[in-house]
Each structure stands twice: as structure tokens, then as C-alpha cells.
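The values are calculated or read from the model by the stated rules, or taken from the named source; none is laboratory data. Worth saying up front: this structure is predicted, and the values here are computed from it rather than measured. Don't worry about glycine lacking a Cβ; one is built from the backbone with ideal geometry, like all the others, and counts go over all protein chains shown. Note: accessible area is taken over every heavy atom of the protein model, side chains too, but ligands, DNA and RNA are not part of it. Shrake-Rupley method; radii C 1.70, N 1.55, O 1.52, S 1.80 Å.
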Amino acid sequence: MTACLCSLFIMHCRDETKLIEEIVSDIQKKFSHELSLSFDAEGLVGMKSRVKDIESLLSFGSTGVLIVGIWGMGGIGKSTTADVVYHRNRSKFEGHCFFQNVREESKKHGVNHVRQEILGEVLEKKDMTIRPIGLPPDIKRMLQRKKVLIVLDDVNDPQDLKYLLGEDGLFGQGSRIIVTSRDRQALINACDEDKIYEVEILDEDDALRLFSLHAFKQDRPMEGYTGLSKTVVSCVKGIPLVLKVLGANLYNKRSVEYWESKVAQLRTNGSEDIKKHLEMCYHELNQTEKKIFLDIACFFGLCERDILQQTLDLKEKSGIDRLADMCLIKIVQDKIWMHDVLLLLGREIVLRENDDPRERSRLWEADDIYRVLTTQVTFPSDLIDCFLTFLFIAKRCSLGQE
């Protein structure tokens with residue numbers, strides 16, 4: 001019966017090709033509408049056009065291995081954009097990996113560790129060990145037979161990128177690699193210039209909408225706050241990270257005088273100083289929340305929530321959720337992640353405590369730790385706490401890698 005109805009319908013169409021084109025066009029329109037709705041539901045403001053442009057550069061229907069770069073300033077949304085593209089398309093590939101904070105992780109553990117983590121995830125062999133020089137022939141063959149999608153997030157060293165990408169022909173036909181970076185030159189050395197996508201600041205309407213989602217939990221300012229909200233948005237020039245953090249900081253603050261004081265501070269900071277805008281929000285935290293923020297910035301960056309909680313007293317643990325509410329960290333599947341702009345801000349705050357490392361509350365650089373241990377006769381209690389925290393983290397990290 002269904003077949004007969006279909007036949008009758010097609011008989012009334014002069015051109016079956018035209019019918020097919022109309023069906024495809026209709027599906028594309030519906031998909032585009034659903035895509036827009038999903039972005040709206042997740043608060044991914046201004047994301048639709050970015051994703052569309054990057055997916056076009058990736059040319060999923062073509063063969064060969066393609067590398068696409070995503071370039072822009074810190075806090076502009078490179079990682080978020082890459083994450084959306086990755087999750088929308090990873091099912092098309094036989095292996096996939098999104099590796100965050102390549103720059104920071106390479107500095108902490110070495111670029112070979114980063115490569116081992118990436119290839120282990122792509123091949124679903126996380127326990128394998130790879131030598132620093134040269135891949136074993138069996139690993140090469142497995143990679144060459146796999147169509148993979150890999151995201152290398154926050155790369156700044158061209159040599160590290162070259163090492164992680166490996167030799168030509170390492171990955172199977174149809175593979176796609178996305179690299180995010182603040183340094184355009186690092187990307188030019190890896191991919192064609194016409195395959196580099198520049199992430200631009202949000203336009204005024206999208207910036208106001210993103211700010212409102214965090215400040216008012218709706219897509220427009222509350223009555224009586226439109227002018228103040230537009231002034232805040234104009235001060236921070238459409239940078240998503242700052243809009244989110246400032247919006248979260250002003251949520252439930254309904255005093256017009258308070259808002260006006262914040263606007264005055266923003267104008268004093270200047271429109272280009274992202275860190276000063278964010279540091280305003282840091283100073284709104286209580287002492288426990290500041291402690292957790294600085295611990296994450298100096299010692300963790302990216303970690304399991306359970307590991308961080310074990311360094312805190314029971315009454316301090318609620319501070320983690322408070323930082324998430326303030327958009328100063330993200331918690332995804334019990335993993336805590338801090339944006340690198342905020343991470344650097346936290347470390348700068350500690351460095352400003354004193355020129356002498358012995359007088360700072362936290363130490364994370366090996367040279368500073370060695371200097372203190374070899375010159376300090378007696379240690380203040382907060383520095384002892386710092387060493388104990390550092391040793392605890394190092395131990396947990398080493399256990400996690402075994």
C-alpha cells in the first residue's frame with residue numbers, strides 16, 4: 001500500500017530530480033532550525049555561524065587529511081567553538097580525541113606524554129607506552145587505517161604541533177585535525193592560510209544576550225537594567241569569557257548603585273584589559289573561594305573533582321560549586337577545568353604577593369621550590385601547607401598515570 005502511494009506521488013512529479021532536491025532542501029531547513037534551537041537551549045550565543053563556517057572548512061565529504069586552525073585572542077571562545085564542532089561530528093569517525101590545554105599539559109608533563117594520551121584515546125589503548133622518538137610500526141599501521149577526528153586545544157609552540165601531528169600519511173584518509181591557538185604563526189606552519197578561521201568578538205546584540213543569560217537567567221535585561229547592561233557590554237567589547245563571568249557576578253545583585261559602581265570600575269580598567277575585568281570578580285569572592293580559585297590556578301588547572309576535594313575541609317567543599325556558578329571554573333562529568341586566562345590571572349595574583357618566592361602563599365615552578373628548599377631555614381605554616389598540597393597532587397597524578 002505504501003509503495004503504491006509513493007509511486008502515485010512520484011508519477012505526478014514531472015522531474016524526480018527536482019523532487020529529491022526539494023526533499024533535501026526541506027530536511028536541511030529543518031536541521032538548521034533544530035541546530036539553532038539547540039544552540040539557544042545551551043546558551044551558545046553566536047555559535048551557529050561559527051560552527052557552519054568551520055564545518056565548511058573541514059570539508060567532511062572530501063578525502064585526504066585536512067588540518068583546520070581556529071585562531072583568536074584568549075577568552076574569545078576558540079575552545080568552546082572547537083568543542084561544539086567536535087561533539088557534533090565525532091560519530092562520523094572511527095577514532096576521536098579532544099585534548100585540552102596542550103600548552104599547559106606539555107609544560108607540565110612533556111609533549112611526548114601529550115602525544116601518548118592522544119594516540120591512546122584515538123586507538124582506545126590508553127595503557128600503551130610510546131617511545132619519544134619514532135612510532136612502532138604496528139602503531140603506525142593502526143593509525144593509517146583509521147579515519148580520526150582530533151582537536152588540539154591551545155597550542156602555541158610550532159615544534160610541539162609538528163611533533164603531535166606526526167609525519168605525512170600518519171592518519172587514515174578522511175581524517176580531520178582541528179588546532180586552536182592564539183598564535184597565528186603556529187597555525188600557518190601546520191595548515192594552509194585559507195584553512196585558518198579567525199574567531200571574532202560577538203556583535204552588540206549577541207554580547208548583550210550572552211551577558212543577560214548569566215546576569216538575569218533570560219535572554220534580555222530585566223526592566224530598568226537595559227541601559228546599565230548595554231554599558232557593561234560596551235566596556236568589555238564582546239569577549240564571551242568576560243561577559244559570562246561579569247554576568248554571573250552581577251546575578252541577583254539588584255541595587256542600581258552597585259551596578260553603577262561596577263560600571264565605573266570597568267571604565268577605569270579600560271576596554272582592552274581583560275584580566276582587570278576578571279580580577280574585579282575575583283575580589284568579590286570570600287576567603288575560602290579565593291583559596292580554592294588560587295589552588296586550582298596554581299596546582300590543578302584540569303583535574304578530577306575528587307582530587308581537589310581531598311585537599312579541602314568539609315566546610316570548604318561548597319566553594320567549588322560557587323566558583324562554577326560564577327563561571328570561574330567549569331565542571332563537566334566531575335572534571336574541573338579553568339580557562340587559561342583565569343589560570344594565568346590566579347598565578348599573577350600569587351606572584352604579586354612578593355618578589356621573594358619564600359614569602360608567597362603558593363609555589364608551583366620547580367626553580368622557585370628548589371630555591372626555597374635550599375635557602376629557607378624555617379618555614380611559615382602556610383608555605384608548609386603549600387608543599388603538602390603540592391606533594392599530594394604530585395602523588396595523585398603519578399598514581400593516575402600508572
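Some values worked out for this structure:
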item: Check on Arg358, farther than 21 Å from Asn252 by Cα and open to solvent by 10 Å² or more (accessible area, probe 1.4 Å); result: yes
item: Residue within the stretch 236-248 that is in contact (Cβ under 8 Å) with a residue 40 or more places away in the chain, assigned to a loop (DSSP other than H, G, I, E, B) and surrounded by 22 or more Cβ atoms within 10 Å (Cβ to Cβ) present; result: yes
item: Neighbours by Cβ (under 7 Å, 6+ apart or cross-chain): first from the stretch 191-202, under 15 Å from Val151 (Cα atoms) and among the β-branched types (Val, Ile, Thr); second assigned to a strand (DSSP E or B) and modelled with pLDDT of 90 or more; result: Ile196/Gly69; Ile196/Trp71
item: Verdict on Lys262 being in a helix (DSSP H, G or I) and either open to solvent by less than 50 Å² (accessible area, probe 1.4 Å) or not β-branched (Val, Ile, Thr) (or both); result: yes
item: Pairs with Cβ under 7 Å, 6+ apart, first in the stretch 348-363 and touching a residue at least 40 places away in the same chain (Cβ under 8 Å) and under 16 Å from Lys291 (Cβ atoms), second part of a loop (DSSP other than H, G, I, E, B) and of a type in the set (S, T, N, Q); result: Val350/Ser361
item: Evaluation of Asp321 against (1) on the phi < 0 side of the Ramachandran plot; (2) modelled with pLDDT under 90; (3) of a type outside the set (Val, Ile, Thr) (one fails), failing number; result: (2)
item: Test: Asn112 is outside any loop (DSSP other than H, G, I, E, B), polar (S, T, N, Q), under 28 Å from Glu365 (Cβ atoms) and open to solvent by 10 Å² or more (accessible area, probe 1.4 Å); result: yes
item: Looking only at the stretch 298-347, and only at residues there that are free of Cβ contacts under 8 Å to residues at least 12 places away in the same chain and in a loop (DSSP other than H, G, I, E, B), the one that is nearest to the chain's Cα centre (by Cα); result: Gln333
item: Meets criteria (under 20 Å from the mean Cα position of the chain (by Cα), assigned to a helix (DSSP H, G or I) and modelled with pLDDT under 90) for Lys275; result: yes
item: Unique residue being surrounded by fewer than 17 Cβ atoms within 10 Å (Cβ to Cβ) and under 17 Å from Gly247 (Cβ atoms) when the list is Arg184, Arg220; result: Arg220
item: Long-range neighbours under 7 Å by Cβ, at least six apart or interchain, first residue farther than 23 Å from Leu123 by Cβ and touching a residue at least 12 places away in the same chain (Cβ under 8 Å) within the stretch 98-109, second of a type outside the set (A, V, I, L, M, F, W, C) and buried (at least 18 other Cβ atoms within 10 Å of the Cβ); result: Arg103/Asp154; Glu104/Gly301; Glu104/Asp340
item: Leading residue by the ranking (nearest to Ser49 (Cα to Cα)) among those in the stretch 85-109 that are open to solvent by 40 Å² or more (accessible area, probe 1.4 Å) and charged (D, E, K, R); result: Arg88
item: Residue check for Leu143: modelled with pLDDT of 90 or more, aliphatic (A, V, I, L, M) and within 19 Å of Tyr197 (Cα to Cα); result: no
item: Counted residues, the stretch 180-192 - those being part of a helix (DSSP H, G or I), more than 25 Å from Leu44 (Cβ to Cβ) and touching a Lys or Arg at 6+ places or on another chain (Cβ under 9 Å); result: 0
item: Search result, residues across the stretch 230-249 that are more than 17 Å from Tyr282 (Cβ to Cβ) and not aliphatic (A, V, I, L, M); result: Lys230, Thr231, Ser234, Cys235, Lys237, Gly238, Pro240
item: Residue match in the stretch 280-289 (condition: within 23 Å of Gly227 (Cβ to Cβ), part of a helix (DSSP H, G or I) and free of Cβ contacts under 8 Å to residues at least 40 places away in the same chain); result: yes
